[in-house]
Amino acid sequence: MSLSEDFLFSEEIHPIDLVEHIAEHHEWEFDRITDDQIAMAVEGQWRTYSITLALSPQDETLRLICSFEMEPPEDTLPLLYETLNRSNDLCWTGAFTYWATQRLMVYRYGLVLAGGQGVSAEQLDRLIATSVVACERFYPAFQLVAWGGQSPQEAMNVAIAEAYGRA
């Protein structure tokens with residue numbers, strides 16, 4: 001059954017209601033913070049990622065933040081930032097940033113829903129999956145730069161390449 005089949009006969013579904021349905025479908029832990037915000041924990045290969053989606057009616061944007069704790073040594077921050085730039089060059093949707101005050105590596109994406117546009121469960125599921133895949137792909141590179149003594153160029157060689165085609 002597709003994720004959207006449950007909603008075929010409804011008029012308009014709030015995006016956060018759809019995200020809650022997706023979280024239940026995947027059996028992820030989640031907390032509905034407000035009507036317009038949900039937080040989830042999604043298990044990856046390397047980490048458990050904290051994912052928050054929030055709808056901003058003012059600018060008609062659905063914001064996704066996928067984060068994980070990271071406390072790199074201060075002296076590696078310049079190299080980590082270079083690695084972030086290299087990673088972002090390979091990400092066509094979303095981007096990484098490091099929030100030093102919170103000690104969080106963050107992948108962010110904003111889905112613009114201007115003009116009252118809706119969003120499907122499949123789109124949201126892909127949005128969440130894409131954020132986790134990006135974090136999984138670049139996590140080893142961030143670790144190698146922060147603690148492994150590798151240069152950003154060397155560390156990016158281990159970033160898991162995207163696969164194309166079908167198996």
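Coordinate-derived values only; no laboratory data. What you see is a predicted model; the values in this text were computed from it and never measured. Using ideal geometry, Cβ is built from the backbone for each residue, glycine included, and neighbour counts are taken over all protein chains shown.
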A chain fully extended from GLU71 to VAL112 at 0.36 nm per residue, minus the present Cα-Cα distance, gains in nm 11.6 nm
Between the Cα axis of helix 15-26 and the main Cα principal axis of the chain, the angle (0 to 90°, nearest 10) is 70
Rounded to whole angstrom, the alpha-carbon centroid of region 18-33 lies from that of region 76-140 at a distance of 20
Scan of the chain for trypsin sites (Lys or Arg not before Pro) in DSSP loops with at most 14 other beta-carbon atoms within 10 Å gives a longest site-free stretch of 1-102
In degrees, nearest 10, the alpha-carbon axis of helix 77-90 is tilted away from the dominant principal axis of the alpha carbons of the chain by 50
Those chymotrypsin sites (Phe, Trp or Tyr not before Pro) from region 55-159 that are DSSP loop and have at most 14 other Cβ neighbours within 10 Å turn out to be TRP92
Extension length gain for GLN45 and GLU60 (0.36 nm per residue less Cα distance), in nm, is 2.1 nm
Rounded to the nearest 10 degrees, the helix 121-147 long axis (Cα) sits at an angle to the longest Cα principal axis of the chain of 10
Taking R0 as 41 Å and r as the Cβ-Cβ distance between GLN37 and VAL158, the FRET efficiency 1/(1 + (r/R0)^6), rounded to the nearest 0.05, comes to 0.75
If R0 = 35 Å, then GLU29 and SER151, at their Cβ-Cβ distance, give a FRET efficiency to the nearest 0.05 of 0.40
If each K or R counts +1 and each D or E counts -1, the residues other than GLU69 whose Cβ falls under 14 Å of its Cβ total +1
Counting Lys and Arg as +1 and Asp and Glu as -1 over every other residue whose Cβ sits under 9 Å from the Cβ of ILE16, the net charge comes to -3
Rg/Rh over Cα atoms for the chain, Kirkwood Rh, comes to 1.01
Any GluC sites (Glu not before Pro) in region 25-100 that lie in a DSSP loop and have at most 10 other Cβ atoms within 10 Å would be GLU27
A chain fully extended from THR97 to SER120 at 0.36 nm per residue, minus the present Cα-Cα distance, gains in nm 5.6 nm
Other residues with Cβ under 11 Å from the Cβ of ALA114 give, with Lys and Arg +1 and Asp and Glu -1, a net charge of -2
With -39,500 (n - 2.57) per DSSP H segment of 4 or more residues and division by the full residue count of the chain, the 222 nm estimate, nearest 500 deg cm²/dmol, is -11500 deg cm²/dmol
